[in-house]
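A short worksheet on the structure shown next.
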Amino acid sequence: MGNRLVATASVAVLLAMPVTAIAQATSEAIESQRQANAQPEVVEPQELDTVYVTATRRTERLQDVPLSVSVLSQDELDAKGVVGYEGLAYETPGVVLNRASANFNNFTARGIATNGYNANLQSTVAIYIDELPISANGNSTILDPSLYDVERVEFLRGPQGTLFGSGSLAGALRILTRAPDPNVLEGSFLADVGITGSNSLRQRYNAMLNIPLAQDTLALRVVAFSRDEEGYIDNLGTGIENANSLESKGGRATLLWEPTDRFSALVRVSREESTPEDSSLVNPDLGKDKRFSDRPDMFSGEMTNYNLTLGYQFDGAELTSSSTWSDYEALFNVDLAGTYGQAFAFGLDAPFESDSFVQEVRLVSDTGGKLDWVLGGFYFERERVVNFGYRSNEQYLARSGITGLPNEYFMDYHTRDVTREQALFGQLTWNFTDDVWATFGLRYGSIEAQGSTLAGGYTSDYLTLAYYCSFLDICGLPATITPVDAAQGLKAKESGPSYRVSASWRPTPSITTYAAVATGFRAPVVNAQAGSVSSIDPDDLVIPFGADSDDLVSYELGLKGRWWDGRLAANIALFNIDWNDIQVQANRVSDSIQFATNIGGAYSRGVEFELMAMPNQDWTFTLNGSINRAKVDSLTDEEAAISGAVLGARLAGPEVSGSFTVNYQFDWLRNSVGNASLAVVHVGGYPGSFPYVPGQPGVVSPTFDYTDDYTVVNASLAAAFERFTVGIYAENLFDDRSITYVHPEAFLDSRYGVVRPRTVGVRVGYQF
């Protein structure tokens, strides 16, 4: 029996039960982490674990938190082979990952999305790595961070504007990494090697080492990771087979100093480099897993973060100060020739650098009294410099006879934009009794954004000349070069409150109910080319100023319960959302210039549920799902014309999605425990954009399309010994190749994302 108990604890490292928040117990506090790293007495599981989260900036039981939260522990991430965003949405009801390619990610939740791209718009779901918000504008290259040696991942659904600020319109994703342990020397290693499709090798390696430097006071924790994944898509334009290969590597080092029981200091440095060789978007008209671009589309990035977190425990409250500096360098190189049906060369090379600083200070009361409260201040500043290089190529310039350009770049200019956000926030919970409590949260902040054009660049009339040559057979014309002068851009600034109010009632010790009203918002947007007229078609629409902040109000009823002696658990939430002054992104048809504007409003109504049952210590069943209906319900004729929307249009989210998982644990080889799991994920189809051409009401856009309904099946089998685990797995077992993403813009020849081909492989883990 003793050997089986040890193996039972070990199997979680590789093939933990693939369940959601209702099945994991964690704590964000450093002291709790120290306890978790100790070697407790292992017992046979008789009931589901109690879950703890910090979604309200304090450690609480999930069952007591009056909002919808899903949690994935590190054990679950390892078990599923989840190393980034790709697998997170499958486990979270009502959440969709619009993933155009590696490092090109945009989460949506509860149907709050107008298309899967949202260029120039802040995301509707805020993404945090510890204290750093990394979510950005929709057309920014957003790194897909490694998820190894994390404490847990929390996905908060519904608006989180009170505690997490702008961009948490529909939710917030929190990636919480593990703190060092001053009293335990430990390490771990996880290798994952598989074959994608018929012959593409996928390699993933992760390692961790925790080093105590002084007992009880000082420790260092180091994590390293590497991904090397061969591609499976052929680029017919470049002639490269398996073009979408990916290399990613990085690590982090965290130093913890606790000189007293009251004071702690944590310094964390992390760096990640991710370099896809080409995009994963395909053109189904070219054949299976085929794409076309004149050069590889590049969405690569390098992110370096520095964080200092200081904590002091007063009598009755804990003070936390978190300061984060971040440097992000990326390439956004894309072929735009699809704008004119590949008639002439047209591409964009846009390297950029973004520097951010985030400061948050929180004072959180100790729990146990009539009043629990949080008070805090927040400051965020980001400066981003982008070099826009619009290119032709030497072959087309020679063929068309266009002369006068200094090189293949017909437009070359540089921009700088600065965004600042500052806010004060607070949250108060009044415990009327042990079973009745109410929470009031308020945030008041301001946001400003301003862009400018730097001197030294130039523009030309290349697009007009190329259009004349390719479509009117008027060739051999010289290009006119126009210098770009420095210019101060328009400033957008808004301020106001966001709030959250909830009431909770525990009718029995095992059931908690709640009702909540909450708001969220996004930052305003200024269009870089506001007021410009198309040089190709002067009758096309004029680019508007930008978009004001949009906001929403969410009404939610929820129930969280445990029954059957703790072996059955459920989280259920009903929601009704009013979304007003919706920020939308569109493109002018004649020259593909992106712009942002506002339309009237929409609603989103639905239900989310998470169910888990453990009939005995060997079997676990999990069912998660979401049913959602989201449509435009307020729209003027002018708004419809400029956006391409129509009254009653569906928003870009599935009406039905969910997953079912079964996990079986059994005696296997000598001194080992076996673990088998099967997971089935289903996502319904949804429109990739509004149906009509901006500026041409009633004309169906040639880029309008739906994603497919798709179902993905994953299976795994593993054996766990005292210190190591070994297992085999199959992802997308039945090789479903459905369309999961539709790019809404015409400039891409290859606009569709598809399910990754079947991948089979082996995972080996070791820990000491």
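Of note:
- Qualifying residue in segment 682-702 (condition: of a type in the set (F, W, Y) and under 30 Å from L190 (Cβ atoms)): no
- Matching residues in segment 31-79 - criterion: being part of a helix (DSSP H, G or I) and at pLDDT below 70: E31, S32, Q33, R34, Q35, A36, N37, A79
- Residues of segment 446-470 that are of a type in the set (S, T, N, Q) and over 31 Å from the mean Cα position of the chain (by Cα): T459, S460, T464, S470.
- Listed by position, the strands (runs of 3 or more DSSP E) enclosed by segment 639-708 that each have at least 1 residues that are in contact with a strand residue (DSSP E or B) (Cβ under 7 Å, 6 or more places away or on another chain) and within 30 Å of W619 (Cα to Cα) are 656-667, 673-683.
- Any hit, segment 743-753, residues being touching a Gly at 6+ places or on another chain (Cβ under 7 Å), of a type in the set (S, T, Y) and either touching a residue at least 24 places away in the same chain (Cβ under 8 Å) or buried (at least 20 other Cβ atoms within 10 Å of the Cβ) (or both): no
- Only residues that are of a type outside the set (D, E, K, R) and over 25 Å from the mean Cα position of the chain (by Cα) were counted in segment 349-366, giving 3.
- Residues satisfying the stated conditions in segment 583-610, i.e. aliphatic (A, V, I, L, M) and at pLDDT below 95: V584, A586, V589, I593, A596, I599
- Top-ranked residue in segment 491-508 [being of a type in the set (S, T, N, Q) and under 11 Å from T439 (Cβ atoms); ranked as nearest to the chain's Cα centre (by Cα)]: S502
- Hits in segment 423-444 (condition: of a type outside the set (V, I, T), more than 15 Å from R362 (Cβ to Cβ) and in a strand (DSSP E or B)): W430, N431, W437, A438, F440, Y444
- Any hit, segment 751-760, residues being farther than 30 Å from G347 by Cβ, in contact with a strand residue (DSSP E or B) (Cβ under 7 Å, 6 or more places away or on another chain) and either among the aliphatic types (A, V, I, L, M) or outside any strand (DSSP E or B) (or both): yes
- Matching entry among R443, R399, R420 (being among the charged types (D, E, K, R), farther than 30 Å from Q488 by Cα and under 25 Å from the mean Cα position of the chain (by Cα)): R443
Listed here are the residues, each with its yes/no results for (1) crowded, with 21+ Cβ neighbours inside 10 Å; (2) assigned to a strand (DSSP E or B); (3) in contact (Cβ under 8 Å) with a residue 24 or more places away in the chain.
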{"site": "N210", "(1), (2), (3)": "yes, yes, yes"}
{"site": "A224", "(1), (2), (3)": "no, yes, yes"}
{"site": "G231", "(1), (2), (3)": "yes, no, yes"}
{"site": "N244", "(1), (2), (3)": "yes, no, yes"}
{"site": "E247", "(1), (2), (3)": "no, yes, yes"}
{"site": "A265", "(1), (2), (3)": "no, yes, yes"}
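To keep it simple, each residue is scored yes or no on (1) touching a Ser or Thr at 6+ places or on another chain (Cβ under 9 Å); (2) basic (K, R); (3) over 20 Å from V83 (Cβ atoms).
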position	(1), (2), (3)
L220	yes, no, yes
S226	yes, no, no
Y232	yes, no, no
G239	no, no, yes
N244	yes, no, no
S248	yes, no, no
T254	yes, no, no
P259	yes, no, yes
S264	yes, no, yes
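- Qualifying positions in segment 504-530 - within 17 Å of I112 (Cβ to Cβ) and crowded, with 18+ Cβ neighbours inside 10 Å: A516, A518, T519, G520, F521, R522, A523, V525
- Segment 637-686 - residue that is of a type in the set (S, T, Y) and closer than 30 Å to F724 by Cβ and, of those, surrounded by the fewest Cβ atoms within 10 Å (Cβ to Cβ): Y664
- Comparison of Y729, Y692, Y706 shows that the only residue that is crowded, with 20+ Cβ neighbours inside 10 Å and either under 15 Å from N115 (Cα atoms) or out of contact with any Ser or Thr (no Cβ under 9 Å at 6 or more places or on another chain) (or both) is Y692.
- Among (1) among the small types (G, A, S); (2) over 23 Å from T196 (Cβ atoms); (3) in contact (Cβ under 8 Å) with a residue 24 or more places away in the chain, the one test that G727 misses: (2)
- Single residue of A119, A109, A170 found to be aliphatic (A, V, I, L, M) and at pLDDT below 90: A119
- Of the residues making up segment 572-599, those that are on the phi < 0 side of the Ramachandran plot and in contact with a helix residue (DSSP H, G or I) (Cβ under 6 Å, 6 or more places away or on another chain) are V584, A586, T597, I599.
- Within segment 511-529, residues that are in contact (Cβ under 8 Å) with a residue 40 or more places away in the chain sit with their Cβ atoms under 7 Å from residues that are of a type in the set (K, R) and buried (at least 22 other Cβ atoms within 10 Å of the Cβ), at 6+ positions apart or across chains, in these pairs: T512/K560; A516/R500; A518/R500.
- Qualifying residue in segment 460-467 (condition: on the phi < 0 side of the Ramachandran plot, out of contact with any Asp or Glu (no Cβ under 8 Å at 6 or more places or on another chain), surrounded by fewer than 17 Cβ atoms within 10 Å (Cβ to Cβ) and in contact (Cβ under 8 Å) with a residue 24 or more places away in the chain): yes
- Counted residues, segment 721-768 - those being at positive phi and under 23 Å from the mean Cα position of the chain (by Cα): 1
- Any hit, segment 611-629, residues being touching a residue at least 40 places away in the same chain (Cβ under 8 Å), outside any strand (DSSP E or B) and β-branched (V, I, T): no
- Screening S716 with (1) under 21 Å from the mean Cα position of the chain (by Cα); (2) part of a strand (DSSP E or B) gives one miss only, at (1).
- Residue in segment 146-160 that is at pLDDT below 90, part of a loop (DSSP other than H, G, I, E, B) and either in contact with a helix residue (DSSP H, G or I) (Cβ under 9 Å, 6 or more places away or on another chain) or not hydroxyl-bearing (S, T, Y) (or both) present: yes
- Selection of segment 531-556 for residues being surrounded by 20 or more Cβ atoms within 10 Å (Cβ to Cβ) and either of a type in the set (F, W, Y) or on the phi > 0 side of the Ramachandran plot (or both) yields only G546.
- Strands (runs of 3 or more DSSP E) completely within segment 328-400 that count 3 or more residues being basic (K, R): 371-391
- Of residues in segment 488-503 being loosely packed, with under 14 Cβ neighbours inside 10 Å and not basic (K, R), the one farthest from T162 (Cα to Cα): Q488
- Test: residue in segment 373-384 that is at positive phi and either crowded, with 20+ Cβ neighbours inside 10 Å or of a type in the set (G, A, S) (or both): no
The values are calculated or read from the model by the stated rules, or taken from the named source; none is laboratory data. Remember, it's a predicted structure, so these values are computed and weren't measured experimentally. Reconstructed Cβ throughout: ideal geometry from the backbone, glycine too, with neighbour counts over all protein chains shown.
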